[in-house]
Each structure stands twice: as C-alpha cells, then as structure tokens.
Amino acid sequence: MTSTRGRAETGPTAGEDTLGDADRAVLARIDEGNTWLRAVLCTLARRGTLLRQEEPERAATLIEALSRWPWFKGGQFLFDLMEWEDFMVDGPPPPLVASVLGSGSVRRIASALAGTRALLDDAAARAFDDARRAYEQLTVDIAAAEEHLPALQPGLYLYRDVVLGVVVSVGPIVAEADRSSDAPPS
C-alpha cells in the first residue's frame, strides 16, 4: 500500500509502535480527510488545467480579473505557505471527484455564506435569501467529461488551475440560477 505522499507503508515506524488504538483511529480519520481533500483539489486543478489548455485566452482573462481581489491573493499565499502543490502532485494521482461543486454543494455553500453575511448586514441577508431560493430550484449538474481531464504537473500555475477549476465548476450553476431568477413566475 502506498500513502498519498508516495511512501510505501511497510508497517509501523519506530515512533508509531507507541501509539494506541485510539491514536491510530484518529490518524486514520485524518488520513481519510487528507485523501479526500487531495482528490478534490486535484479534480478542480485538472478542470482548470483543461480550461487553460483548451481556452488559454479565456483562462488568462479570468485569472487577470480574479487576481486583483484580496481573497485570491490570500489564497495564493496560503496555498504556497501550506505547500499544497507538493501535497497534490506527490504520489500517484488520486481518483477524480466528479461531484465536486455540483449544484447541491454550491447551494449549501451559498446558504452558509448568506447566513454569515446576514450576521453582518440585514439588507444583504434579504438579497441572499432571494438568491438562495433561486439556487434551491437549480437542477444543473456539471457536464465536464471528467475522464478526459489532463494529468497534473508540478508548477507555479497549480493554484491558478484550482481557481479556474472552481470557476468552471460553479459557472454553469450560477448562470442557471441567474436565468431562473430572471424568469417570470409561473
């Protein structure tokens, strides 16, 4: 068996034999979470890589627009600080998570963000309630051909590919929600 960091597991290391069952159980759960996170990040990055390769002008325009915002710069800082690139590309590629940022998860994220914003701004809360209702009616699924996504290579573009993957994943859902909210009531 190989871990996500590429190290062959051959049994406990010198320090691991002092761990109890509870310690091993906690470490196993953390490893499961890390494996899932790595698969999610790699799926998003592969979607972004595909966009960058197939539509370089669109990808460059998106990155140019997004890179001015503090959350983008903060994300890049944390991505580099936490060495997520190494985490993502070290070891065999994880399986794709085709359901990443599907309509249901985007709806739940929008609801959580609306709740957070409502704590700060009552007027914004009313607007987010309207948007949340539009998301609840959403039935769009991401239609990317996941099996054709390119492999990841280490490089300075990996964070940008993750961001592009988020945009590609969420874009159709947001567009459908906008169309639904503009449609006359039936």
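Just so it is clear, none of the values below were taken in a lab; they were calculated from the coordinates. Given the structure is predicted, the values throughout are model-derived calculations rather than measurements. Don't worry about glycine lacking a Cβ; one is built from the backbone with ideal geometry, like all the others, and counts go over all protein chains shown.
All alpha carbon pair distances within segment 43-121 were sorted into 10 Å bins beginning at 0; the resulting P(r) in whole percents reads 14, 29, 46, 10, 1.
By the count of neighbouring beta-carbon atoms within 10 Å, fewest first, E176, E85 end up ordered E176, E85. Highest mean packing first, where packing is the average number of other Cβ atoms within 10 Å per residue, the peptides 34-41, 93-100 line up as 34-41, 93-100.
Round to the nearest 0.05 the FRET efficiency obtained for T61 and A118 when R0 = 41 Å and r is the Cβ-Cβ distance. So the FRET efficiency works out to roughly 0.80.
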